[in-house]
1. Any residue in segment B:201-213 that is within 20 Å of the chain's Cα centre (by Cα), over 16 Å from B:Phe331 (Cβ atoms) and either surrounded by fewer than 23 Cβ atoms within 10 Å (Cβ to Cβ) or in contact (Cβ under 8 Å) with a residue 12 or more places away in the chain (or both)?
2. Across segment B:386-399, what is the number of residues that are over 17 Å from the mean Cα position of the chain (by Cα) and not hydrophobic (A, V, I, L, M, F, W, C)?
3. Which of the residues belonging to segment A:294-306 are modelled with pLDDT of 85 or more, surrounded by fewer than 15 Cβ atoms within 10 Å (Cβ to Cβ) and not charged (D, E, K, R)?
4. For segment A:251-277, enumerate the residues that are part of a helix (DSSP H, G or I) and surrounded by 15 or more Cβ atoms within 10 Å (Cβ to Cβ).
5. Of all the helices (runs of 4 or more DSSP H) wholly in segment A:127-210, which have at least 3 residues that are under 10 Å from the mean Cα position of the chain (by Cα)?
6. Among the residues of segment A:46-60, how many are more than 10 Å from chain B (Cβ to nearest Cβ) and either farther than 17 Å from B:Ser218 by Cβ or hydroxyl-bearing (Ser, Thr, Tyr) (or both)?
7. Could you list all residues from segment A:211-232 that are surrounded by fewer than 16 Cβ atoms within 10 Å (Cβ to Cβ), part of a strand (DSSP E or B) and either touching a Lys or Arg at 6+ places or on another chain (Cβ under 7 Å) or in contact (Cβ under 8 Å) with a residue 40 or more places away in the chain (or both)?
8. Does A:Tyr106 satisfy the condition of being closer than 17 Å to B:Glu213 by Cα, among the aromatic types (Phe, Trp, Tyr) and more than 28 Å from the chain's Cα centre (by Cα)?
Amino acid sequence: MNNLIEVNSVTKDFSNHRALDNVSIKVPRQSIFGMLGPNGAGKTTLIRIINQIIGPDKGEIFFKGDKLRPHHVDKIGYLPEERGLYKKMKVGEQALYLAQLKGLDYNYAKKSLKEWFDKFDLLPWWHKKVEALSKGMQQKVQFIITILHKPELLIFDEPFSGFDPININLLKDEIFKLKENGATIIFSTHDMSSVEELCDEIALINKSKKVLEGNVYKIKKQYAKKMFRIEISDISSPLENINNDYFELLDQANKNGLTEAVIKIKNDITTNQLLNEVVKFGNIISFNEVIPSMNEIFIKTVSEQQ
Amino acid sequence: MFKKIFIIIKREYISRVKKKSFVVMTILGPILFAALITLPVIIAQMSDSDYEVGIVDDTDFFYDQLSDGNNVIFTHIPTNIDNALELLRKEKFDAVLHIPEVAFESPSTLQIFTKDAVNLNAKIHIENVLKQEFESLKLGAKGIDEDILRSIETNISIQSIRIQEDGMEETDYPEISMALGIISGILIYIFIFMFGSQVLRGVLEEKTSRIVEVIVSSVKPFQLMMGKIVGVGMVGLTQFLIWVFLTLVIVLSVSTAMPDMFQFTPDEQVHVTSSQMMNSEKLQEQMDTVQQHDTTAGQVLEALSAIKWHVMIFSFIFFFIGGYLLYGALFAAIGSAVDNEADTQQFMLPVTIPLIFAIIFGQMVMQNPSGPVAFWLSIIPLTSPVIMMIRIPFGIPLFDLYLSAFLLIAGFIFTTWMAAKIYRTGILLYGKKVGYKDIWKWIKYK
């Protein structure tokens, strides 16, 4: 079994709308899986179903090939988007409480928490009430609580909101380390740059349906439209004269005496043929394929559905 | 799974018991209760300074007949009323009683003069002694011997005996039953309200602080809800037991330290009541008082020992817990459905009305503890915890008790089931104004 989580044709209805419509996803083991989608698409509902907070109306979920059962909650760590702590409770006490609810033994949890608190510079706050902590510190505490019981599956819903750039890096490093140590991570966010940086696989959910799923690199390749960005110096004749049967000039601009052109090649044309053609117009300085960002793919896919 | 509920119960219990407000309430509560019981007695004793009444007796008959008592001291002033009033102005006396010549024929001509507002107790005492004097004078005038009159005076106090199902006879003491019933009824009412709203606030806190989604990824919403209800309930029981214990300690130690405080001298009581004796009904009342007084201590003891304490205590704890669980679930459901405390109002009303209803109808139930109102209100689970506790001290058919207990258990299973449905949807729903229609839909979700 190569997938840690398999969601098979899950449908969930609420009183006045369908939150998930026949959604299936496969989360490969030891991968970082991006769950993308606009607000209200059904991501949180799917995450809650995987966490067994709510049940699906139709469909099944498998955890390492077994049907998802209540005891699996101890193997999952969940950092929800809407997260908080008891304000009047002491930080250490509270972390211990939540760790015990995940099934950890008191003494083990305490020892392990002290280590993590030390690592995140939180140890002096152990006996302070939560309300005395800054928002960033509270987020750190929550992050620690989520990963403390060494879950096989981690679900982070907008994990970086509320963190400053330095702590975001700290967190990203930890997430990579968790993956290296064998954890599988489902990562839900609107921040597409972090998706590109972190995710191996993604699923895009829009209007309760999964509209896109797969390896990030392959998806980007798939969305690449055979467009190339070429910088040319010493133009000898206008690029408009390019052979229109095979090439299409989409854009050109002059920058510091260089001409930057975006050219699309038609089917069956290789990049070498493009270079041979462009060489006739001037001196090629640089050449690269225009690969869409996840952001563009996201916007394109979502807006196509409107 | 029970291990996790236990962890939740433990947190709910310890976090509340450690709070300053709990400690303060737990200590202050019994002091307040004890004060409520002992203060009036202490204050009454403190205000009992002697009240000097000067008598100007134009008849020269009464002045040495009036007996002191009730802190009233009579002094004869052998002068006319004008001089006496001068003495009053100089504050030689607290009051001056004027008995004019015509007082024999028309007692309404009696007058009492004071500088400050008249002391009501003193006035009553004076009226009492004068009344006795006038009455015996009149009896003498009609040729009736006072002793004969005394000998025909009869005290009637019907002993009420209830025939038990097992054929035993049992003496009834409605006054004691009433007091016991209303105290336990009100206690249950207060307990449900106080700790029910703690459950509500606790659920609301988890929802508004957004910790709830973290927790329900580890435990079932039902476990979280039950953990909170049970934990808070145990806090309530703890506080209640400490209150009972401390109140007893305080009252007992005060009454041992000042044993006189709780004793009334027979004379005073008789006089006070007889002063208000205007008609035969009141006369009867007075006789009761006299009768009761003679045997009060014995009777109260007898009455208290007649109460079936094991039934009383067991049913108190049962209806205490049952009623709390029933309402606690409803309070938890309300807390989960709203976003802030202000929004709770619209849902609180239908939950609190039955409780208030029970307290209001408690009066009626006491007057007729086996009537139809009492029966139905003690059967319906929403009112039964309060009403049953009012009924039980009067003695209750076992059938009623079992039926009520059974329905209460069924009732709290039902409200818990319903609350769980509302709760699991409500806690995850933020920023939406929820109405009854939404809640109905949540209950219908499978």
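1. From segment B:201-213, those within 20 Å of the chain's Cα centre (by Cα) are none; that's our starting set.
No, there is no match, as no residue in segment B:201-213 is within 20 Å of the chain's Cα centre (by Cα), over 16 Å from B:Phe331 (Cβ atoms) and either surrounded by fewer than 23 Cβ atoms within 10 Å (Cβ to Cβ) or in contact (Cβ under 8 Å) with a residue 12 or more places away in the chain (or both).
2. Filtering segment B:386-399 down to residues over 17 Å from the mean Cα position of the chain (by Cα) leaves B:395-399.
From the residues that got through so far, the ones that are not hydrophobic (A, V, I, L, M, F, W, C) too are B:395, B:397.
Summing the residues that are over 17 Å from the mean Cα position of the chain (by Cα) and not hydrophobic (A, V, I, L, M, F, W, C) in segment B:386-399 gives 2.
3. Matches in segment A:294-306: A:Asn295, A:Ile299, A:Ser303.
4. Taking segment A:251-277 as the starting set, the residues that turn out to be part of a helix (DSSP H, G or I) are A:271-277.
Passing the criteria: A:Leu274, A:Glu277.
5. Details: elements: A:135-147, A:165-180, A:192-198.
Filter on segment A:127-210 gives A:192-198.
6. Residues of segment A:46-60 more than 10 Å from chain B (Cβ to nearest Cβ): A:46, A:49, A:56, A:58-60.
Checking the rest, the ones that are also either farther than 17 Å from B:Ser218 by Cβ or hydroxyl-bearing (Ser, Thr, Tyr) (or both) come to A:46, A:56, A:58-60.
Residues that pass the stated criteria total 5.
7. Here is the first cut: in segment A:211-232, the ones surrounded by fewer than 16 Cβ atoms within 10 Å (Cβ to Cβ) are A:214-215, A:217-218, A:221-222, A:224-226, A:229.
Then drop every residue that is not part of a strand (DSSP E or B), which leaves A:214-215, A:229.
Listed by number, the list holds a single entry, A:Arg229.
8. Values: closer than 17 Å to B:Glu213 by Cα: no; among the aromatic types (Phe, Trp, Tyr): yes; more than 28 Å from the chain's Cα centre (by Cα): yes.
Against the criterion (closer than 17 Å to B:Glu213 by Cα, among the aromatic types (Phe, Trp, Tyr) and more than 28 Å from the chain's Cα centre (by Cα)), A:Tyr106 does not qualify.
The values are calculated or read from the model by the stated rules, or taken from the named source; none is laboratory data. Computed from a prediction, not measured in an experiment: that's the story for all the values here. All Cβ positions, even for glycine, are placed from backbone atoms using ideal geometry, and neighbour counts span all protein chains on display.
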